[in-house]
Amino acid sequence: MSEPLSVCIAGATGWTGPALVRGVLDAPDLSLRSAVSRSAAGRDLGEALGGDAIGVPVFGSVTEALDGIDVLVDYTSATAVKANVMAAIDAGVGVVIGSSGLTADDFAEIDAAARERSVGVVASGNFSLTAAMCQAGALLAARHLPQWEVIDYASATKPDVPSGTARELAERLEEIRRPELGHPIEDLHGPQEARGATVAGTQIHSVRLPSFVVSTEVVFGLPDERLTIRHDAGGTPEPYVAGTLIAVRGVPALVGLTRGLDTLLLESG
């Protein structure tokens, strides 16, 4: 039996972190070696999460936490994720990116760096298995339906727009083609902002209201008919654990960037 993969979780005390910690600890083929949390640096992770000590040290930065690590899982923030990912790649450590806020240019830079170091990176705007199936369905539909728009719902306090899930969907759809527009945005009568933001050729409308966590809806239209594909996230991080662990197990065999959990699932099965 091979040695368990050694894992570091950045953002271990955040919203998704504790559920991921439990998932890794319960997996016989994974070993949680370190964690990153500025607010809990210097403590044992178990104690930082309100329980007993588990022998996992918490560091204040990713750079400090990578010794002996095979895979970094990043669930931090839009302001921290890129530096964390580049530090891991530079150290020859595979990365699973669950944080949002990275742009297409950021991903291109990450892919180039990962290929240069011969390490793998898996990034997904949403590691939920049902969200992955939603994206896979949208990519299939885009091969046959020429017009679509995306509606991105999230909580009133979410600072980044659009969500990572919606941005990734738009950028992945662009790989199929760009949607046709019924009327050019620049020739509209009235504020152009009413038509949403153009991301990778797709119009995205970001709604920020209480009661939403993250919901992503892509609407395809043909004359006299519509197709709506929508994913709704609940109020807990549990749906993201299984997909993240699939990516953790898969990333050591990869080189360069793989975008979308659906890509990883379809390629592996």
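Computed from these coordinates, which is Rg and Dmax of the Cα atoms in Å: (1) 24.6, 73; (2) 19.2, 66; (3) 17.0, 51? Of the labelled values, this structure produces (2).
Select from the stretch 128-226 those GluC sites (Glu not before Pro) which occupy a DSSP coil region and have at most 14 other Cβ atoms within 10 Å, ordered by residue number.
On the way: sites: Glu149, Glu168, Glu171, Glu174, Glu175, Glu180, Glu186, Glu193, Glu217, Glu225; in loops: Glu180.
For GluC sites (Glu not before Pro) across the stretch 128-226 that sit outside H, G, I, E and B with at most 14 neighbouring Cβ atoms in 10 Å, the list reads Glu180.
Here the extension length gained between Thr157 and Val219 equals 19.8 nm, from 0.36 nm per residue of separation less the Cα-Cα distance.
Each of Thr228, Thr63 has its accessible area taken with a 1.4 Å probe; listed largest first, they run Thr63, Thr228. Taking every DSSP helix (H) stretch of at least 4 residues in the chain, weighting each as -39,500 (n - 2.57) and dividing the sum by the residue count yields a mean residue ellipticity at 222 nm of -9500 deg cm²/dmol.
Leaving out ligands, DNA and RNA, what percent of the accessible area of the stretch 1-118 is carbon and sulfur, probe 1.4 Å? Walk me through the numbers before you get to the answer.
Numbers: 2550 of 5450 Å².
The nonpolar share, carbon plus sulfur, comes to 47 percent.
Within the chain, antiparallel bridges make up roughly 40 percent of the DSSP beta bridges whose residues both belong there.
Please get the size of the charge dipole for the chain, origin at its Cα centre, with Cβ charges of +1 on Lys and Arg and -1 on Asp and Glu, quoted in debye to the nearest 20.
Numbers: 19 positive and 34 negative charges, 39 e Å.
Magnitude of the dipole: close to 180 debye.
The values are calculated or read from the model by the stated rules, or taken from the named source; none is laboratory data. Computed from a prediction, not measured in an experiment: that's the story for all the values here. Methodologically, a virtual Cβ is constructed for each residue, glycine included, from the backbone with ideal geometry; neighbour enumeration extends over all protein chains shown. SASA here: full protein model, heavy atoms, side chains in, ligands and nucleic acids out. Shrake-Rupley method; radii C 1.70, N 1.55, O 1.52, S 1.80 Å.
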